[in-house]
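To keep things clear, I will list the structure first and then write my remarks on it.
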Amino acid sequence: MTSSTTTVAALQMTSGTDPRVNVERALELVERAADRGATYIQLPEYFNYLGPASGFADVAESVPGPTTDRLAAVAASRGVSVHIGSLLERSDDPTRCYNTGVLLDPAGDIVATYRKAHLFDIDVPDEVVHRESDAIRSGERLVVCDLPAFRLGMSICFDLRFPELYRSLALAGATVLAIPAAFNAVTGRAHWEVLVRARAIENHAFVVAAAQVGTTAEGIETYGHSLVVGPWGDVLAESLVAGEDVLVVEIDVGDVVRRRGQIAVLELRRADLYGQPVEISDASASPPG
């Protein structure tokens, strides 16, 4: 293995409403990924509780806290980086929590936290109606973090629909983008893969997207199809099972440098234009030709 290659894992889960059971399953999956050589291991969004918002207050905890401590112990014992896709973090608002991703280094230390910035407030009549912001507070900062093999850009699920977030992470040096998710099956069938691949292509970055799969206690179907995508948009691994899965892929971070050198989208940006007002031409006002 060359100095620019490393092995990453996306863990697909079917989390429920019992945090104890969910954490035990997560620990087992992390061990399985480490046994297969993964040095960066990512869990999905809401990995330790996927259920009604009425249970959030009872599940939410501090960071660091009991759940991060348990994952930190396995990260240190196996010498791997573990991305705790997201968990519920207490805030100073008793009615709302943060949806927070936590990154552990191979020593088990918390090296980064990211609070989901874009909340899943949508209304697709007769299909999906949800307001995550009723129970979750949005984060106010973007985060990248240096791991032993690459610089990671952090995001969570619905962030996927906001390309400017990922461009900011890439401009800050991210070569791997993390997208832990609990993507709804209705929108997932239409948009999940194309959006994940788009974020990889437009930034020439690897994307690791660990997802939830199955139906929640509320009857909401999550899409699954965890993905690892390369900087040319190629799907390196995809889960096609309807349950837990462990995707393990060796990646060459040097491919990011190579692709960005071939199509230099970061350098060729016209940032001087983007802050200007957009000119609106009114063709209807033109005299007949």
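Under a model in which nothing but the beta-carbon of Lys, Arg (+1) and Asp, Glu (-1) is charged, the chain shows a dipole of about 660 debye around its Cα centre.
Would you kindly state how much longer the chain becomes between residue 194 and residue 122 on full extension, computed as 0.36 nm times their sequence separation minus their alpha carbon distance, in nm to one decimal?
Full extension of this stretch gives 24.0 nm more.
If you look at the Cα atoms of the chain, you get an Rg and a Dmax of 19.5, 76 Å. With both bridge residues required to lie in the stretch 5-285, what share of the DSSP beta bridges run antiparallel, to the nearest 5%? In the stretch 5-285, DSSP labels about 70 percent of beta bridges as antiparallel. When the charge dipole of the chain is built from unit charges on Cβ atoms (+1 for Lys and Arg, -1 for Asp and Glu) and taken about the Cα centre, the candidate among 46, 71, 19 whose Cα reaches farthest toward its positive end is 71. When 54, 91 are sorted by how many other C-beta atoms sit within 10 angstrom of their C-beta, beginning with the fewest, the order is 54, 91. In the chain, helices alone account for a calculated mean residue ellipticity at 222 nm of -6500 deg cm²/dmol, with every DSSP H run of four or more residues adding -39,500 (n - 2.57).
Note on residue 171 and residue 69: their simple-model spin labels are 4.1 nm apart, each label 7 Å out from Cα toward Cβ. Residue exposure proxy: 110, 263, ordered by other Cβ atoms within 10 angstrom of their Cβ from fewest to most, comes out as 263, 110.
Dipole check for the stretch 51-191: with +1 at the C-beta of Lys and Arg, -1 at the C-beta of Asp and Glu, and the Cα centre as origin, the magnitude is about 380 Debye. When the alpha carbon coordinates of the stretch 62-217 are projected onto the principal axes, the ranges are 48, 40, 29 Å, largest first. The residue list 60, 130, 34 was ranked by how far each Cα lies along the charge dipole of the chain toward its positive end, using unit charges on Cβ atoms, and 34 comes out on top. The Cα atoms of the stretch 63-113 define a convex hull whose projected area, averaged across directions, is 3.2 nm².
Sorting 105, 93 from the fewest to the most surrounding beta carbons within 10 angstrom yields 93, 105.
Over the stretch 1-87, the fraction of Cα-Cα pairs per 5 Å bin, rounded to whole percents and listed from the shortest bin up, is 3, 14, 26, 24, 16, 8, 5, 2, 1, 0.
Label-to-label distance, residue 107 versus residue 283, with points set 7 angstrom from Cα along the beta-carbon direction: 6.2 nm. Along the axis of the charge dipole computed for the stretch 5-285 (Cβ charges of +1 for Lys and Arg, -1 for Asp and Glu, origin at the Cα centre), the listed residues 268, 85, 160 are led at the positive end by 268.
Laboratory data are not the source of any read-out in this text; all were calculated from the coordinates shown. Not measured: the values here are computed from a predicted model. Note: ideal-geometry Cβ built from the backbone for every residue, glycine included; neighbour counts use all protein chains shown.
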